[in-house]
1. For region 1-24: of the residues being without any contact (Cβ under 8 Å) to a residue 12 or more places away in the chain and exposed (fewer than 12 other Cβ atoms within 10 Å of the Cβ), which is nearest to residue 36 (Cα to Cα)?
2. Looking at region 41-48, is at least one residue assigned to a helix (DSSP H, G or I), under 12 Å from the mean Cα position of the chain (by Cα), modelled with pLDDT under 90 and over 25 Å from residue 82 (Cβ atoms)?
3. What tally of residues in region 25-36 results from selecting those that are touching a residue at least 40 places away in the same chain (Cβ under 8 Å) and farther than 20 Å from residue 52 by Cα?
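The values are calculated or read from the model by the stated rules, or taken from the named source; none is laboratory data. Here the structure is a predicted model, which means the values were calculated and not measured. No Cβ is skipped: glycine too gets one built from the backbone with ideal geometry, and neighbour counts run over all protein chains shown.
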């Protein structure tokens, strides 16, 4: 935060967030990985990114890739990036 003047994104698995982090880093952007047996995050949940699979397919890439959803507008995503 001090170096870039921005809060880092918290990346964690859903259960770890729910059990240990929820309520402690509410002012930080949240990137949840949630693949299997738990319900998907709701749009009303306090997450910014949801990584929902590690088995995505992208033309030109020979291995499976992670696939994510952003819970916001293009404008808010641009504001989250460093210039």
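1. Here is the first cut: in region 1-24, the ones without any contact (Cβ under 8 Å) to a residue 12 or more places away in the chain are 1-3, 5, 16, 18-24.
Those still in the list that are exposed (fewer than 12 other Cβ atoms within 10 Å of the Cβ) too: 1-3, 5, 19-20, 23-24.
On the way: 1: 32, 2: 36, 3: 36, 5: 35, 19: 17, 20: 19, 23: 24, 24: 25 Å.
It comes out as 19.
2. Going residue by residue through region 41-48, those that are assigned to a helix (DSSP H, G or I) are none.
No, every residue in region 41-48 fails to be assigned to a helix (DSSP H, G or I), under 12 Å from the mean Cα position of the chain (by Cα), modelled with pLDDT under 90 and over 25 Å from residue 82 (Cβ atoms).
3. Kept after step one, since they are touching a residue at least 40 places away in the same chain (Cβ under 8 Å), are these residues of region 25-36: 29.
Then keep just the ones that are farther than 20 Å from residue 52 by Cα; that gives none.
Residues flagged as touching a residue at least 40 places away in the same chain (Cβ under 8 Å) and farther than 20 Å from residue 52 by Cα within region 25-36 amount to 0.
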